[in-house]
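Report on one structure; see the data block that follows.
The values are calculated or read from the model by the stated rules, or taken from the named source; none is laboratory data. Just so you know, these numbers come straight off a predicted model, no measurement behind them. Reconstructed Cβ throughout: ideal geometry from the backbone, glycine too, with neighbour counts over all protein chains shown.
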Amino acid sequence: MTPPRLLGLAPVIDRGTRLVVLGSFPGAASLRAQQYYGHPRNHFWRILGALWHRDLLGAHYDERLAAARDHGLGLWDVYASCLREGSLDSAIEAAQPNDLTLMTRLAPNLRAIVHNGGESARSMRVTRALGVPVLKLPSTSPANASWSFERKLQAWREALAAHGVS
C-alpha cells in the first residue's frame, strides 16, 4: 500500500531574511505539530538558543519564529511534498521540489543559504544558481548521531556568524 502524499510547511521568509535554512522535508513530529524542527530531540532550536543566548526549547513556537526573524533567519524545505513512511530522509519517495527561486523574491536581502543535511544539499545546484553563498551544514536531526551536539553547534556557529545571523 502506498503511503499518502505528505504536504510540507509554508516558507518562513520575509523581506528581513538574510539567511535561509533549507531542510529536506519535515519529519512526522514536525508535520503533526505544523512546526519546523518540531521533534523534541532535533538540535535545531537548541543550537539557535545556544547561539542567541535564549531558551528557545522552552519557548512557544511563535516566539521561536520571532527570534529567527529578529536575527534575519528564514526557514523552508527543498521538497513541497513527498511520499514517505516515518521520518527518515532515506524513505522520501516521489518528492516534488519547492520553487526555490522564490527565495530571492521573498527575501530581497538574502545573503546566504544553508542546507541542513545531506538530502537538502542535493539541491545545491539549484540554490547556487541564485547568486548567493550556499553552504552544507551537518543535519540537526536526531538521526545524525555521528555528530555530537557540540560539534554541530560549532559548525552552525561559524556559518551563521559568517553571514551576520549570530
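Taking Glu85 as meeting all but one of (1) closer than 21 Å to Gly164 by Cα; (2) touching a helix residue (DSSP H, G or I) at 6+ places or on another chain (Cβ under 8 Å), write down the number of the exception.
(1)
Are any of the residues in the range 109-117 among the β-branched types (Val, Ile, Thr) and at pLDDT 95 or above?
Looking through the range 109-117, at least one residue is among the β-branched types (Val, Ile, Thr) and at pLDDT 95 or above.
Count, please, the residues in the range 31-45 that happen to be in contact (Cβ under 8 Å) with a residue 40 or more places away in the chain and more than 24 Å from Arg111 (Cβ to Cβ).
3
Quick one: is Ala29 part of a strand (DSSP E or B) and at pLDDT below 95?
Taking the combined requirement at face value, the residue does not satisfy it.
Here is a yes/no grid of residues against (1) on the phi > 0 side of the Ramachandran plot; (2) touching a residue at least 40 places away in the same chain (Cβ under 8 Å); (3) in a strand (DSSP E or B); (4) in contact with a helix residue (DSSP H, G or I) (Cβ under 7 Å, 6 or more places away or on another chain):
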position: Ile113; (1), (2), (3), (4): no, yes, yes, yes
position: Ser120; (1), (2), (3), (4): no, yes, no, no
position: Asn144; (1), (2), (3), (4): no, no, no, no
position: Trp147; (1), (2), (3), (4): no, no, no, no
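Residue check: is Gly118 more than 17 Å from Ser30 (Cβ to Cβ) and in contact with a Leu (Cβ under 7 Å, 6 or more places away or on another chain)?
Against the criterion (more than 17 Å from Ser30 (Cβ to Cβ) and in contact with a Leu (Cβ under 7 Å, 6 or more places away or on another chain)), Gly118 does not qualify.
Of the residues that sit in the range 77-108 and are part of a loop (DSSP other than H, G, I, E, B) and among the polar types (S, T, N, Q), which one is surrounded by the most Cβ atoms within 10 Å (Cβ to Cβ)?
Asn98
How many residues are within 18 Å of Ala29 (Cα to Cα) and either at pLDDT 95 or above or of a type in the set (Phe, Trp, Tyr) (or both) if we restrict to the range 137-158?
Count: 2.
Taking the range 60-70 as the search range and keeping residues that are surrounded by fewer than 20 Cβ atoms within 10 Å (Cβ to Cβ) and under 15 Å from the mean Cα position of the chain (by Cα), which one is farthest from Gln154 (Cα to Cα)?
Tyr61
Going by the structure shown, is Leu51 modelled with pLDDT of 95 or more, among the hydrophobic types (A, V, I, L, M, F, W, C), surrounded by 14 or more Cβ atoms within 10 Å (Cβ to Cβ) and more than 15 Å from the chain's Cα centre (by Cα)?
yes
So, Arg41, is that one in contact with a Pro (Cβ under 6 Å, 6 or more places away or on another chain), of a type in the set (D, E, K, R) and either farther than 30 Å from Gly131 by Cβ or outside any helix (DSSP H, G or I) (or both) or not?
Judged against the criteria, Arg41 is a match.
Restricting attention to the range 86-124, which residues are more than 19 Å from Val12 (Cβ to Cβ) and either among the hydrophobic types (A, V, I, L, M, F, W, C) or within 13 Å of the chain's Cα centre (by Cα) (or both)?
Within the range 86-124, Leu88, Ala91, Ile92, Ala94, Ala95, Gly118, Glu119, Ala121, Met124 qualify.
Looking at Leu22, Leu57, Leu7, which is the one that is surrounded by fewer than 17 Cβ atoms within 10 Å (Cβ to Cβ), within 22 Å of Ala143 (Cβ to Cβ), touching a helix residue (DSSP H, G or I) at 6+ places or on another chain (Cβ under 6 Å) and aliphatic (A, V, I, L, M)?
Leu57
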